[in-house]
Amino acid sequence: MILLKMALRELITHKKRSIVTLLLSAFSTALFIFANALNNGSHNQLIRSSVEIYPGYMQVSNRAFEDDPNFDNLIFDVAKVKNRLQAVKEIKASAARFEAYALYSTDEQSIGGMFTAIEPEKEVEVSRLKRSLVEGEYLTSRDFNAIYLGIELAKRLKVGVGDTLSFISTGADYSFAADNLVVKGLFKTKLYEFDNGSGFVNKGYFDEVMRSSNIATHIIMSPTDVKQIDAVTLKVQKALGEELEVKNYKTTLEDLILAMEIDTIFGYITLGIFFIVIFFVIGIFAFLSVYARIRQIGVLRAIGTTPSQVMGMLLIEALILGFLSVGVGGAAGAYASSHYEKYPIEIASLVDVDAEEYAKQYNMVAEVTFPAQYNPAKIIVEMLIMLLLNLLTVVYPIVVINRFTPTEAIRYV
């Protein structure tokens, strides 16, 4: 108790020194927490957006389809597969797709692109296609001869909602397929290459012209809990057997996830360099502060205070300042993380940059906001790290001072 009283009296006596140390450490803590929250939040949003725009969290395909994507390697009994999926309670929704390629033609242009059949009402539960609507209407299962077109492809074809275009493609049985389609709606996902080459039709219509009834290239699934996606993937694979392959977004978007991991590592390296600098600044300040008290500590030693008691007093001072600074900084960082999770930072407010043009160059989703990720458990861990750093800054000065004899310390100038 006496060591605590001595530590408190010392902190109160030298208010300026205590306040400077507290503010410096609090600022470092707040910045550390918020920088990590912003880094994790923006990466999670980019991955989530890329997954939900079209690829989906999980997908089923014929095991040979990826290496040899022809019409001999399809899912030839969609109904059977869906029945098995219904028995897996961890699967929230599923939707069949048939991806083909077609030549789209108008009076002025002929352009090749993806020609994909979807189950419109079920597709809503596994992707953002409907939410990406910018003009006209989304497809329904009653639509016939209607197409939902990427806005960039529509510009290239010079068509709008209500206009007619033709397509030529190859049916599932390798027969010739062609028809006229009316543009029902235009979508913009902010993924340029996708918007520039994709068109969607109702699968009921597609099955007639392409001879693909009960056949699909993929079945897209949405799990009830994304955090358990690896376990769900294994369970679905077991339910469907070895002929079909089940993959989740960690495989289908492997390059993007790897890029995010690399970016996270570089983010930590940058933060690490910054905090090494901060650590040495706080450390030097602590060193000078402790050294300024050598004569005072010499007097304490001369009247019988042991080296361990001196160490205890200085550590208590560091703990008090550490808890206060980490508490203040942690509260500020947590508030900022929570606030910017609800109200993401807009890129345009930070830098003068065309997000869509930048994303187009790298074929990324053109996100215009940076959300933070509010994670109380991570924040507590980060606060403990900063508290430990605060304690480490006083260890060396304490060790050095305790090497002085009482006489040397009293005579120290």
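The values are calculated or read from the model by the stated rules, or taken from the named source; none is laboratory data. Here the structure is a predicted model, which means the values were calculated and not measured. All Cβ positions, even for glycine, are placed from backbone atoms using ideal geometry, and neighbour counts span all protein chains on display.
Please work out which residue is nearest to V400 (Cα to Cα), limiting yourself to region 295-310 and to residues that are free of Cβ contacts under 8 Å to residues at least 24 places away in the same chain and exposed (fewer than 14 other Cβ atoms within 10 Å of the Cβ). Walk me through how you get there before you give the answer.
The initial filter retains those residues of region 295-310 that are free of Cβ contacts under 8 Å to residues at least 24 places away in the same chain, namely 296, 300, 303-306, 308.
Add one more test, that the residue is exposed (fewer than 14 other Cβ atoms within 10 Å of the Cβ), and what stays is 296, 303-304, 306, 308.
Numbers: Q296: 15, I303: 20, G304: 19, T306: 15, S308: 13 Å.
For region 295-310, the residue satisfying everything is S308.
Find all pairs meeting these conditions: Cβ atoms under 9 angstrom apart; at least six residues apart or on different chains; first residue within region 203-217 and of a type in the set (G, A, S); second residue assigned to a helix (DSSP H, G or I) and surrounded by 24 or more Cβ atoms within 10 Å (Cβ to Cβ).
Short answer, once both residue conditions are applied: S212/K203; S212/F206; A216/K203.
Taking the conditions exactly as written (in a strand (DSSP E or B) and either modelled with pLDDT of 90 or more or not hydroxyl-bearing (S, T, Y) (or both)), does Q59 satisfy them or not? Step through it out loud before you land on a result.
Details: in a strand (DSSP E or B): yes; either modelled with pLDDT of 90 or more or not hydroxyl-bearing (S, T, Y) (or both): yes.
Judged against the criteria, Q59 is a match.
If you check N44 against the conditions, is it modelled with pLDDT under 90, under 23 Å from E254 (Cβ atoms), surrounded by 16 or more Cβ atoms within 10 Å (Cβ to Cβ) and of a type in the set (S, T, N, Q)? Working first, answer last.
On the way: modelled with pLDDT under 90: yes; under 23 Å from E254 (Cβ atoms): yes; surrounded by 16 or more Cβ atoms within 10 Å (Cβ to Cβ): no; of a type in the set (S, T, N, Q): yes.
No; evaluated as a whole, the condition is false for this residue.
Given the structure, is A100 in contact with a helix residue (DSSP H, G or I) (Cβ under 9 Å, 6 or more places away or on another chain), among the aliphatic types (A, V, I, L, M), part of a strand (DSSP E or B) and within 16 Å of V126 (Cα to Cα)?
Values: in contact with a helix residue (DSSP H, G or I) (Cβ under 9 Å, 6 or more places away or on another chain): yes; among the aliphatic types (A, V, I, L, M): yes; part of a strand (DSSP E or B): yes; within 16 Å of V126 (Cα to Cα): no.
No: the conditions fail for A100.
Might you check whether a residue that is in the same structural domain as R84 (by TED's automatic domain parsing), more than 28 Å from the chain's Cα centre (by Cα) and over 28 Å from E152 (Cα atoms) occurs anywhere in region 227-234? Show your work before the answer.
The first filter runs over region 227-234 and keeps only residues in the same structural domain as R84 (by TED's automatic domain parsing), leaving 227-234.
Next cut, more than 28 Å from the chain's Cα centre (by Cα) only: none.
Within region 227-234, none of the residues are in the same structural domain as R84 (by TED's automatic domain parsing), more than 28 Å from the chain's Cα centre (by Cα) and over 28 Å from E152 (Cα atoms).
Are there any pairs with C-beta distances below 6 angstrom linking a residue in region 227-248 that is acidic (D, E) to a residue that is in a strand (DSSP E or B), with the two at least 6 apart or on different chains, and if so which?
Going by the 6 Å Cβ cut-off, the qualifying pairs are E245/S61.
Could you tell me which of the residues V413, V395 is modelled with pLDDT under 85, in contact with a helix residue (DSSP H, G or I) (Cβ under 9 Å, 6 or more places away or on another chain) and assigned to a loop (DSSP other than H, G, I, E, B)? Explain how you work it out, then say what you get.
On the way: V395 fails: assigned to a loop (DSSP other than H, G, I, E, B).
Step by step, each of V413, V395 is checked, and only V413 is modelled with pLDDT under 85, in contact with a helix residue (DSSP H, G or I) (Cβ under 9 Å, 6 or more places away or on another chain) and assigned to a loop (DSSP other than H, G, I, E, B).
Got a number for residues in region 238-284 being polar (S, T, N, Q) and either buried (at least 17 other Cβ atoms within 10 Å of the Cβ) or at positive phi (or both)? Steps first, please.
Start the filter on region 238-284 by keeping residues that are polar (S, T, N, Q), which leaves 248, 251-252, 264, 270.
Subset that is either buried (at least 17 other Cβ atoms within 10 Å of the Cβ) or at positive phi (or both): 248, 252.
Qualifying residue count, region 238-284: 2.
Yes/no matrix, rows are residues, columns are (1) assigned to a helix (DSSP H, G or I); (2) under 28 Å from the mean Cα position of the chain (by Cα); (3) touching a residue at least 12 places away in the same chain (Cβ under 8 Å):
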site: V20; (1), (2), (3): yes, no, yes
site: F27; (1), (2), (3): yes, yes, yes
site: A35; (1), (2), (3): yes, yes, yes
site: G41; (1), (2), (3): yes, yes, yes
site: I47; (1), (2), (3): yes, yes, yes
site: E52; (1), (2), (3): yes, yes, yes
site: D72; (1), (2), (3): no, no, no
site: A79; (1), (2), (3): yes, no, yes
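Rundown of residues vs (1) within 30 Å of G298 (Cβ to Cβ); (2) modelled with pLDDT of 70 or more; (3) not in a helix (DSSP H, G or I), yes/no style:
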site	(1), (2), (3)
G322	yes, yes, no
Q373	no, yes, yes
E382	no, yes, no
L389	yes, yes, no
